[in-house]
Amino acid sequence: MSKKRLLFAASEVYPFAKTGGLADVAHALPKALTERFDVDVVMPLYQSIDREQYAIRPIGEKFEVSMGNAAYEVQLFGCTYQEVRYRFVYSPLLCEREFLYGPPHSGYEDNALRFGIFNYALLAMMQMSEYAIAHLNDWQCALVALLLHERPEIHTRTLFTIHNLAYQGTFPSEILSDLGIDEKYFTMEGIEFYGQVSFMKAAIAYADAVTTVSPTYAKEILTEEFGCGLEGFLRAHRKKLVGILNGIDTEHFSPQNDTVLLTPYSDLKGKRINKSDYLKSVSLKGINKPLFVFIGRFTGQKGMQILIDTLPKLAGLECNVAILGEGEESYREEVEKLAHAHRNVYFHFGYDEVQSHRMYAAADFLLMPSLFEPCGLNQLIAFAYGAVPIVHHVGGLIDSVKRFEKFDPDAKNGFGIAFERPSERACLHAMAKAMDLYQDKKLYNAIVKHNMNCDFSWTESAKVYADLYDTLSR
Ligand code: GLC
């Protein structure tokens, strides 16, 4: 029997374009699905993507999409990367920009139009070839579900994944006619959201299934605290909502085979060499002191305020701290000041994949004080590289990080240090626990060894997605 065709759409995919965890998922999950499905991963061909490096070429498809009263030129490109087939949508308005969505912390004003084109192009692809399933990720491709509602002749079934409910793609209602969407959809049951148009609602309302990236987040978003205003709407559609825990690409995140490490490793001895190399490279001293790292976007979600509030006290302990990330300017200034004031705090501003791998390899602890976390991937990477995560126990961090107090060497899960409240006090308490745990070498080493041997690959979760696709397209 031939495999069913799957269109997997996302606005960013590693290694072509990445601003967050979505890109890693959109890279690794399709890879794990190719055994059971004939997959096309589709994303915009942003100007920043290196066409030469990945041998991205036109595939001979050029067409116009009409949206509202305008028509937009679209050209399809393609390449194969790590045995996965990629399709890129090129349209000048969508692609010719410095940033994917806009400069840090503002979106381009015409993002509704830009991603509207992307959605119409996806629809055109579904018209051109028969896909059994379209897996749509986040608001940037959510409109497809609604557009399909108007095209009963296309039999593609849709699954929509919420990676982060805090980004919904809401725009002024005037955009409706430019998007070519009938007024009849502008209702509470449709895409109206406090007088605006919400892309996210289009998919929650009209997709055949909705998933999010961990079982706990799937429950949390039904509450006012985490629902970002959509909790009632999600509750109304809860029958088609499930939470499936993300995995990581264990070929890419593998300390044994990681080519950016000076010394790839599979045990604690090898890890210590990486720690020593890293400390030297950033002029931190004290191989026997625990190294805490923070890697991530500087946004409120990631618990930046807690990090900033606790840093002076953490820095007062016998430890080193290294921070890597970019994002909101005010956080950057605060962290810079702290790094300046404390000799044992190192700060690198910017997104840097190579540097991040070296930090995971060097770290004894990873800090993740996120206020909310749909899944989080950093804690899984930390497990694989033998850094113990210190997390605010919320969302996917509940599903993936077990408390070390209940350490069980036979457990399937990884163990870390968890705190229940997103407060300075609770985080400090967890940091103190980490200092103690680090002194208990026997337990600390047992935990690290255990975590490094756990399976965080996509194997199991990809099977859940594949079964879901099968059920939907039966
Ligand atoms: C978003 C979420 C993160 C999740 C990732 C991939 O970035 O904030 O928690 O792991 O998407 O699904």
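The values are calculated or read from the model by the stated rules, or taken from the named source; none is laboratory data. Keep in mind that what you see is a predicted model, and the values were worked out from it rather than measured. A quick note on method: Cβ atoms are made from the backbone with ideal geometry, for glycine too, and the neighbour counts reach across all protein chains shown. When the accessible area is computed, the model is the full protein with side chains, heavy atoms only, and any ligands, DNA or RNA have been set aside. Shrake-Rupley method; radii C 1.70, N 1.55, O 1.52, S 1.80 Å.
Below is a table of values for the structure above.
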| item | result |
| --- | --- |
| Added length on full extension, which subtracts the Cα-Cα distance from 0.36 nm per residue, residue 80 to residue 187 | 34.4 nm |
| Reachable aspartates and glutamates, given that their alpha-carbon falls under 17 Å from the alpha-carbon of residue 62 and they are not under 8 places away in the same chain | 73 |
| Gain upon complete extension [residue 453, residue 423; 0.36 nm per residue less C-alpha separation] | 7.6 nm |
| Per-residue SASA entry for residue 455, accessible area with 1.4 Å probe, Å² rounded to 10 | 110 Å² |
| Residue order for 187, 161, 471 - accessible surface, 1.4 angstrom probe, largest first | 471, 187, 161 |
| The chain: antiparallel DSSP beta bridges as a percent of all, rounded to 5 | 30 percent |
| Sequence of 141, 454, 228 when ordered by accessible area, the most exposed leading, probe 1.4 angstrom | 228, 454, 141 |
| Centroid-to-centroid separation of the stretch 114-193 and the stretch 233-281 [C-alpha atoms, Å] | 32 Å |
| Rounded to the nearest 10 Å², the accessible area of residue 149 at probe 1.4 Å | 110 Å² |
| Rounded tilt (10° steps) of 21-33 against the dominant C-alpha axis of the chain | 70 degrees |
| Solvent-accessible surface ranking, highest first, for 461, 106 at 1.4 angstrom | 106, 461 |
| Value of relative contact order over the chain, rounded to a whole percent, pairs C-alpha under 8 Å and six or more apart | 12 percent |
| Percent carbon-and-sulfur accessible area, the chain, ignoring ligands, DNA and RNA, probe 1.4 Å | 50 percent |
| Euclidean distance of C-alpha centroids, the stretch 5-49 and the stretch 429-465, integer Å | 28 Å |
| Computed E for residue 463/residue 408 - FRET, C-beta separation, R0 22 angstrom, nearest 0.05 | 0.35 |
| Rounded to the nearest 10 Å², the accessible area of residue 170 at probe 1.4 Å | 50 Å² |
| Three-way shape call for the chain based on the alpha-carbon gyration tensor, with the a/c threshold at 1.5 | prolate |
| Distance violations [Cα-Cα > 21 Å] among 219/412; 4/31; 275/313; 406/463 | 219/412; 275/313; 406/463 |
| Whether the stretch 16-109 is rounded, prolate or oblate, judged on the alpha carbon gyration tensor where a/c under 1.5 counts as rounded | oblate |
| Set of lysines with alpha-carbon distance to residue 269 below 19 Å, sequence-local pairs under 8 removed | 280, 285, 289, 441, 442, 449 |
| Reachable aspartates and glutamates, given that their alpha-carbon falls under 20 Å from the alpha-carbon of residue 402 and they are not under 8 places away in the same chain | 220, 364, 373, 410, 420, 436, 440, 455, 460 |
| Per residue value of the accessible surface for the chain (all protein chains in place, 1.4 Å probe), Å² | 42 Å² |
